[in-house]
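Visitor: Here it is, the structure in full.
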Ligand code: PLP
């Protein structure tokens, strides 16, 4: 017995892949994995200290469901600096992944349509299904920062469109949308009266151009639910802390989902998050510098392999490269593991629009990247 809404959710290809690599390693095979989506840097020590101190002070009970006030105030200032008229009332502290789930739960009625980028992060579609919505995938343009193909996007919008999920900087593509890309979406959202759920989880990891929040575009403040996270920016994925920034009425709706599910985020976790935002930012800058150095290495290395093309990712720590062979990305993944002993994520894991691509995460050490590229080069020279 399983509910229909859950029955149709496919198992995660990425988790299957991680399990396979783990098994091969157990058998003694030396496989280098570039599949992970978390920074390899430790959480900044002052953040860890702040959480320990909070624990010692006895901050071990329930916190307010919305999140602790100083943290909500600090986050609201980030949006004030971008010109939004937000206060702590516009902020809810929660896990980024849960924020996306709760936003969809609070906005989508059965059968309503949610536009998704194709390719996109693996969890959006299952979240739409859990909200009993209908996912409508729109192909992206690899030549334009993997923004929506304008004609395809216009065709996808109709009277049932309730939400468009936007992710910039994007996983898996590394694309950072420019103002003109965002304007196209904003104009459609205003004209057709739909919401944008803006996933800005990678907002701090940008190498070229700048990160722009779509909520800052004309007419968008009242129709954007922005989600962000401490996971990637401050190397805190295991802390499970992020936030939602939205008009107050939507925060209150999402709050009801949180009150009856998670209740709240642990208070000591929130104390760590506050230290991350308010403490020194040099750690973050150093991390982005290291990612940039690795990105350049990966761009050069991959583009020197026969049959491989990579447009430099402008953000995130993912290189989404195209390969020039009519081989399904899942098969190429298997072959790369067996012959090159390198594990990458197949583009198909992110949707049909990802076929013909592979995702290489460079959130691993320089040495590992160099060795991985060496192995891949030998493979591509022999097989492509
Ligand atoms: N959104 C995107 C695009 C992601 O890649 C991830 C994590 O990998 C998340 C959201 C979830 O972030 P968190 O782990 O902070 O909940």
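Laboratory data are not the source of any read-out in this text; all were calculated from the coordinates shown. Being a predicted model, the structure only gives us computed values, none of them experimental. Cβ: placed from backbone, ideal geometry, glycine included. Neighbour counts: every protein chain shown.
Visitor: What is the distance, in nm, between label points placed 7 Å from the Cα along the Cα-to-Cβ direction at residue 355 and at residue 259?
Guide: Here the modelled spin labels are 4.7 nm apart.
Visitor: Also, I was wondering about something else. To make sure I understand, if each residue's beta carbon is the centre and we count other beta carbons within 10 Å, what order do 12, 65 fall in, fewest to most? Could the numbers behind the result be given before it?
Guide: On the way: 12 13, 65 17.
By the 10 Å Cβ count, ascending: 12, 65.
Visitor: Apply 1/(1 + (r/R0)^6) to the Cβ-Cβ distance of residue 335 and residue 87, taking R0 = 45 Å, and write down the FRET efficiency to the nearest 0.05.
Guide: Details: r = 54 Å, r/R0 = 1.20.
With a Förster radius of 45 Å, E is 0.25.
Visitor: Quick one: if you stick a label point 7 Å off each Cα along the C-beta vector at residue 292 and residue 46, how many nm between them?
Guide: According to this spin-label approximation, the distance is 2.1 nm.
Visitor: So what's the projected area for the stretch 253-373, the Cα convex hull averaged over all directions, in nm²? Mind dumping the intermediate values first?
Guide: Details: hull surface 44.1 nm².
Taking a quarter of the hull surface, the average projection is 11.0 nm².
Visitor: P(r) for the chain, please, calculated from all Cα pair distances in 10 Å bins and given in %.
Guide: Taking every Cα pair in the chain, the percentages come to 5, 23, 32, 26, 12, 2, 0.
Visitor: Provide Rg over Rh for the stretch 89-197; use the alpha carbon set for both Rg and the Kirkwood Rh (inverse mean inverse pair distance). Working shown, then result.
Guide: Details: Rg = 13.4 Å, Rh = 14.2 Å.
Expressed as Rg/Rh, it is 0.94.
Visitor: Here is a further query. Between residue 13 and residue 25, what length in nm is gained on full extension when 0.36 nm per residue of separation is reduced by their alpha carbon distance?
Guide: The residue 13-residue 25 span can extend by a further 2.5 nm.
Visitor: At 222 nm, what helix-only mean residue ellipticity would the chain give, in deg cm²/dmol to the nearest 500, using -39500 (n - 2.57) for each DSSP H run of four or more? If you can, show how the numbers build up before the last one.
Guide: Working: 13 runs with 154 residues, N = 384.
Result for the chain, helices only: -12500 deg cm²/dmol.
Visitor: Can you give the extra length, in nm with one decimal, that the chain gains between residue 252 and residue 278 once fully stretched, where that is 0.36 nm per residue apart less the Cα-Cα distance? Spell out each step's value before the answer.
Guide: On the way: separation 26, 0.36 × 26 = 9.36 nm, distance 2.59 nm.
Length difference between fully extended and current span is 6.8 nm.
Visitor: Further question: As I understand it, the value is the acute angle between the Cα axis of helix 366-383 and the longest principal axis of the Cα atoms of the chain; what does it come to in degrees, rounded to 10?
Guide: That works out to roughly 50 degrees.
Visitor: Expressed as a whole number of Å, what is the distance separating the alpha-carbon centroids of the stretch 26-58 and the stretch 66-134?
Guide: 25
Visitor: A further question on this structure: Cut-off is 10 Å between beta-carbons; in what order do 314, 192 appear when sorted fewest neighbours first?
Guide: Working: 314 24, 192 13.
Ascending number of Cβ neighbours within 10 Å: 192, 314.
Visitor: Which order do the peptides 155-167, 25-37 come out in when sorted by mean C-beta neighbours inside 10 angstrom, highest first?
Guide: Values: 155-167: 19.0, 25-37: 15.0.
Descending mean neighbour count gives 155-167, 25-37.
Visitor: What FRET efficiency comes out for the pair residue 183/residue 309, r = Cβ-Cβ distance, R0 = 35 Å, nearest 0.05? Write out the running numbers ahead of the final one.
Guide: Details: r = 28 Å, r/R0 = 0.81.
Taking R0 as 35 Å, the efficiency between residue 183 and residue 309 is 0.80.
Visitor: How far apart, in nm, are two points set 7 Å out from the Cα along the Cα-to-Cβ line at residue 53 and at residue 327?
Guide: That separation, rounded to one decimal, is 5.4 nm.
Visitor: Taking every DSSP beta bridge that has both residues in the chain, what percent is antiparallel when rounded to the nearest 5? Spell out each step's value before the answer.
Guide: Values: 20 of 40 bridges.
If I count the DSSP bridges inside the chain, around 50 percent turn out antiparallel.
Visitor: What is the list of residues in the stretch 243-260 whose amide nitrogen lies under 13 Å from a point 7 angstrom out from the Cα of residue 132, following Cα to Cβ?
Guide: none
Visitor: To the nearest 10 degrees, how steep is helix 179-192 against the longest Cα principal axis of the chain, on a 0 to 90 scale?
Guide: Result, in degrees: 50.
Visitor: If you don't mind, there's one more thing I want to ask. Using the alpha-carbon atoms, what tilt in degrees (0 to 90, nearest 10) does helix 248-259 show relative to the longest principal axis of the chain?
Guide: 70
Visitor: Now, a different point. What FRET efficiency comes out for the pair residue 381/residue 3, r = Cβ-Cβ distance, R0 = 45 Å, nearest 0.05?
Guide: On the way: r = 50 Å, r/R0 = 1.11.
The calculated FRET efficiency here is 0.35.
Visitor: Taking neighbour counts of Cβ atoms within 10 Å as a proxy for exposure, in what order, fewest first, do 9, 15, 91, 337 appear?
Guide: On the way: 9 13, 15 10, 91 26, 337 20.
By the 10 Å Cβ count, ascending: 15, 9, 337, 91.
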